[in-house]
Amino acid sequence: MAFHVMIIPSMDCPSNCSYCWGVDKKSDLMKLEIIEEMVQWLKDFRDEPVTFTFHGGEPLLAGYEYYQKTLPLLAQELSHLNPAFAIQTNLWLMNSDLAQLFADYDIPIGSSLDGPPSINDHQRGDGYFEKTMQGYEIAREKGVQVSFISTFTSYSIKLKEEIFQFFLDNNLNLKLHPALPSLRSEDPDKWSISPEEYGDLLVYLLDQYLAHMGEIEIKNIDHLCKGVFVRRGVVCTYADCVGDTFAVGPDGGIYPCYRFVGMEEYLMGNVKDHPSMEELSRSPAWKKLHKWMELVDKECADCKYIKFCRGGCPYNALTIDKKTSKMEIDGVDHQCAAYKMIFKEITDRANKDFLSSSIPLMGGSKYKSKKASIMDIMLKSL
Ligand code: SF4
Ligand code: SF4
């Protein structure tokens, strides 16, 4: 079993996206000493392949020298874990030295773009699109693979056709993300979309994917279809992430995922103490998340999709407790209704495809139709 460590060199970010909930403008930068401690921590922590994802805030704030020292340290000192790397960045601070380094270590980049400049900059700030595209060109010149995540908000969801067309016309693969209620803002629902809207969006994109098969990749649809086919989640949202995913904040604090970094009640330990799995599992944060998994087993027991949904993401299950002002998990992922909509659509259509493909036509042709089907997506992503 592989495990995943997200490294958060800074919680700060030079951008100012309207719906972002994860930035701390006063954040320190991670010192190299924390990476050295991380290496000592992981040397005997687990004997399985590891993926490191640099995340933030904005991880490129750490600068070239940080990556020039960090990457060989992790790659060489932890070579027995066969480390792979990835980074999630807005690309503004990309330069040719960094791009070359990422190319040398075969590091794929995930970035964010919410659609054409007018839509993107409306929700991410003036000039965002141009700065990201400049970084994108630099990375591409060095042969680094870049894919984009598009966040759909209460504003942009009304423009979904235009956004899809933008990704299609520009040969960009699409991964989407629903804007969540910002738990740290005064108007938490301003940008968020409802589970029903998210479900409709996924079904819309499924239709578009089938209509444009071979012209674009929509990662979420690939993952959802593959999950249904193999009967288990293939990305963290639909699998049990607890215990296999960790995030290390700028000060070495260990959390269950980048989404929890900075939330005191979800701090599990610190890399400086080199905690074992057993020690981490004794932390109140770990216990809280295991309680959530037990709650999923109970609340989702009768759901047809539990095997490849697993209650969704624990972070999406958080709400603010009005009495304590703390964020507490209050059920399964709040996007449950969206997951039910898309899983129903995929399973119904897959069953229909299966039935119609096994009925030979009178004229001797073996299959009724050559139109792309759910089975094509399921088999394509295997
Ligand atoms: S908390 Fe959510 S985003 Fe983080 S690893 Fe788990 S499922 Fe993925
Ligand atoms: S779709 Fe909803 S009820 Fe079903 S497993 Fe997922 S979160 Fe649970």
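What's the number of the only condition in (1) within 26 Å of residue 58 (Cα to Cα); (2) more than 16 Å from ligand 2 (Cβ to nearest atom) that residue 238 fails to meet?
Result: residue 238 fails condition (2) only.
Can you name the number of the only condition in (1) without any contact (Cβ under 8 Å) to a residue 24 or more places away in the chain; (2) of a type in the set (Val, Ile, Thr); (3) within 10 Å of ligand 1 (Cβ to nearest atom); (4) over 24 Å from residue 192 (Cβ atoms) that residue 306 fails?
(3)
Please indicate, with yes or no, whether at least one residue in the range 199-212 is within 16 Å of ligand 1 (Cβ to nearest atom) and charged (D, E, K, R). Steps first, please.
If we filter the range 199-212 for residues that are within 16 Å of ligand 1 (Cβ to nearest atom), which is where we start, we get none.
No: the range 199-212 contains no residue that is within 16 Å of ligand 1 (Cβ to nearest atom) and charged (D, E, K, R).
Go over the candidates 280, 289 one by one and state the one that is hydrophobic (A, V, I, L, M, F, W, C), within 16 Å of ligand 2 (Cβ to nearest atom), in contact with a strand residue (DSSP E or B) (Cβ under 9 Å, 6 or more places away or on another chain) and under 30 Å from residue 31 (Cβ atoms). Steps first, answer last, please.
Working: 280 fails: within 16 Å of ligand 2 (Cβ to nearest atom).
Step by step, each of 280, 289 is checked, and only 289 is hydrophobic (A, V, I, L, M, F, W, C), within 16 Å of ligand 2 (Cβ to nearest atom), in contact with a strand residue (DSSP E or B) (Cβ under 9 Å, 6 or more places away or on another chain) and under 30 Å from residue 31 (Cβ atoms).
Just name the residue that is surrounded by the fewest Cβ atoms within 10 Å (Cβ to Cβ) out of those in the range 331-349 that are away from ligand 1 (no atom under 16 Å from the Cβ) and of a type in the set (A, V, I, L, M, F, W, C). So that I can check it myself, show each step before the final result.
At the first step, the residues of the range 331-349 found to be away from ligand 1 (no atom under 16 Å from the Cβ) are 337, 340-349.
Narrowing further to those that are of a type in the set (A, V, I, L, M, F, W, C): 337, 341-343, 346.
Working: 337: 14, 341: 19, 342: 25, 343: 21, 346: 24.
For the range 331-349, the residue satisfying everything is 337.
Inside the range 250-266, can you point out the residues that are at pLDDT 95 or above and more than 14 Å from ligand 1 (Cβ to nearest atom)?
Those that are at pLDDT 95 or above and more than 14 Å from ligand 1 (Cβ to nearest atom): 250, 251, 252, 253.
Read through the list (1) near ligand 2 (Cβ under 8 Å from one of its atoms); (2) in contact with a His (Cβ under 9 Å, 6 or more places away or on another chain), then give the number of the only condition that residue 339 fails.
Of (1) near ligand 2 (Cβ under 8 Å from one of its atoms); (2) in contact with a His (Cβ under 9 Å, 6 or more places away or on another chain), only one is false for residue 339: (2).
Residues in the range 14-30: is at least one buried (at least 21 other Cβ atoms within 10 Å of the Cβ) and at pLDDT 95 or above?
Yes; the residues of the range 14-30 include at least one that is buried (at least 21 other Cβ atoms within 10 Å of the Cβ) and at pLDDT 95 or above.
Surrounded by fewer than 18 Cβ atoms within 10 Å (Cβ to Cβ) and either touching a Cys at 6+ places or on another chain (Cβ under 8 Å) or modelled with pLDDT under 95 (or both): is that true of residue 125 in this structure?
Yes; evaluated as a whole, the condition is true for this residue.
If residue 285 meets every condition in (1) more than 18 Å from residue 259 (Cα to Cα); (2) of a type in the set (A, V, I, L, M, F, W, C); (3) within 14 Å of ligand 1 (Cβ to nearest atom) apart from one, which number is that one?
(1)
Would you mind stating whether residue 100 is part of a helix (DSSP H, G or I), over 19 Å from the mean Cα position of the chain (by Cα) and modelled with pLDDT under 95? Steps first, please.
On the way: part of a helix (DSSP H, G or I): yes; over 19 Å from the mean Cα position of the chain (by Cα): yes; modelled with pLDDT under 95: no.
Criteria not met by residue 100.
How many of the residues in the range 31-74 are surrounded by fewer than 19 Cβ atoms within 10 Å (Cβ to Cβ) and not aliphatic (A, V, I, L, M)? Lay out the reasoning, then the answer.
First, pick out the residues of the range 31-74 that are surrounded by fewer than 19 Cβ atoms within 10 Å (Cβ to Cβ): 31-33, 36-37, 39-40, 43-44, 46-49, 51, 63-65, 68-69, 72-73.
Among the residues that remain, those that are also not aliphatic (A, V, I, L, M) are: 31, 33, 36-37, 40, 43-44, 46-49, 51, 63-65, 68-69, 72.
Within the range 31-74, residues that are surrounded by fewer than 19 Cβ atoms within 10 Å (Cβ to Cβ) and not aliphatic (A, V, I, L, M) number 18.
Which one of 175, 190, 226 is away from ligand 1 (no atom under 16 Å from the Cβ) and crowded, with 16+ Cβ neighbours inside 10 Å? Outline the logic, then answer.
Numbers: 175 fails: away from ligand 1 (no atom under 16 Å from the Cβ); 190 fails: crowded, with 16+ Cβ neighbours inside 10 Å.
Just one listed residue meets the conditions, 226.
Does residue 291 qualify as being out of contact with any Phe, Trp or Tyr (no Cβ under 9 Å at 6 or more places or on another chain), within 15 Å of ligand 1 (Cβ to nearest atom) and of a type in the set (D, E, K, R)? Give the steps one after another, and end with the answer.
Numbers: out of contact with any Phe, Trp or Tyr (no Cβ under 9 Å at 6 or more places or on another chain): yes; within 15 Å of ligand 1 (Cβ to nearest atom): yes; of a type in the set (D, E, K, R): yes.
In short, yes.
Pairs please, first residue from the range 163-178 and of a type in the set (Val, Ile, Thr), second anywhere and surrounded by 14 or more Cβ atoms within 10 Å (Cβ to Cβ) and at pLDDT 95 or above, Cβ atoms under 8 Å, 6+ apart in sequence or on different chains.
Within 8 Å, the pairs are 163/114; 163/115; 163/116; 163/119; 163/150; 163/152; 163/156.
Which one of 257, 300, 313 is touching a residue at least 24 places away in the same chain (Cβ under 8 Å), more than 16 Å from ligand 2 (Cβ to nearest atom) and more than 24 Å from residue 210 (Cα to Cα)? Show your work before the answer.
On the way: 300 fails: more than 16 Å from ligand 2 (Cβ to nearest atom); 313 fails: more than 16 Å from ligand 2 (Cβ to nearest atom).
None of the other options fit; the residue is 257.
Hey, can you tell me all the residues within the range 210-229 that are closer than 25 Å to residue 310 by Cα and either more than 16 Å from ligand 2 (Cβ to nearest atom) or at pLDDT below 95 (or both)?
Let us first name the residues in the range 210-229 that are closer than 25 Å to residue 310 by Cα, namely 217-229.
Of everything in the range 210-229, those that are closer than 25 Å to residue 310 by Cα and either more than 16 Å from ligand 2 (Cβ to nearest atom) or at pLDDT below 95 (or both) turn out to be 217, 218, 219, 221, 222, 226, 229.
Taking the range 114-149, which residues are touching a helix residue (DSSP H, G or I) at 6+ places or on another chain (Cβ under 6 Å) and in contact (Cβ under 8 Å) with a residue 24 or more places away in the chain?
Here is the first cut: in the range 114-149, the residues touching a helix residue (DSSP H, G or I) at 6+ places or on another chain (Cβ under 6 Å) are 114-117, 119-121, 128-129, 138-139, 142-144, 146.
Hits for the range 114-149 are 114, 115, 116, 119, 128, 138, 139, 142, 143, 144, 146.
How many residues does the range 301-330 contain that are in a loop (DSSP other than H, G, I, E, B) and exposed (fewer than 15 other Cβ atoms within 10 Å of the Cβ)? Lay out the reasoning, then the answer.
Within the range 301-330, the first condition is being in a loop (DSSP other than H, G, I, E, B), and the residues that meet it are 301-305, 309-314, 321-326, 330.
Checking the rest, the ones that are also exposed (fewer than 15 other Cβ atoms within 10 Å of the Cβ) come to 301-302, 304, 321-326, 330.
Total satisfying the criteria: 10.
In this structure, does residue 273 turn out to be of a type outside the set (Gly, Ala, Ser) and within 13 Å of ligand 1 (Cβ to nearest atom)? Outline the logic, then answer.
Details: of a type outside the set (Gly, Ala, Ser): yes; within 13 Å of ligand 1 (Cβ to nearest atom): no.
Against the criterion (of a type outside the set (Gly, Ala, Ser) and within 13 Å of ligand 1 (Cβ to nearest atom)), residue 273 does not qualify.
The values are calculated or read from the model by the stated rules, or taken from the named source; none is laboratory data. If you're wondering where the values come from, they're calculated on a predicted model, not measured in any experiment. Cβ atoms come from the backbone with ideal geometry, glycine included; neighbour counts cover every protein chain shown.
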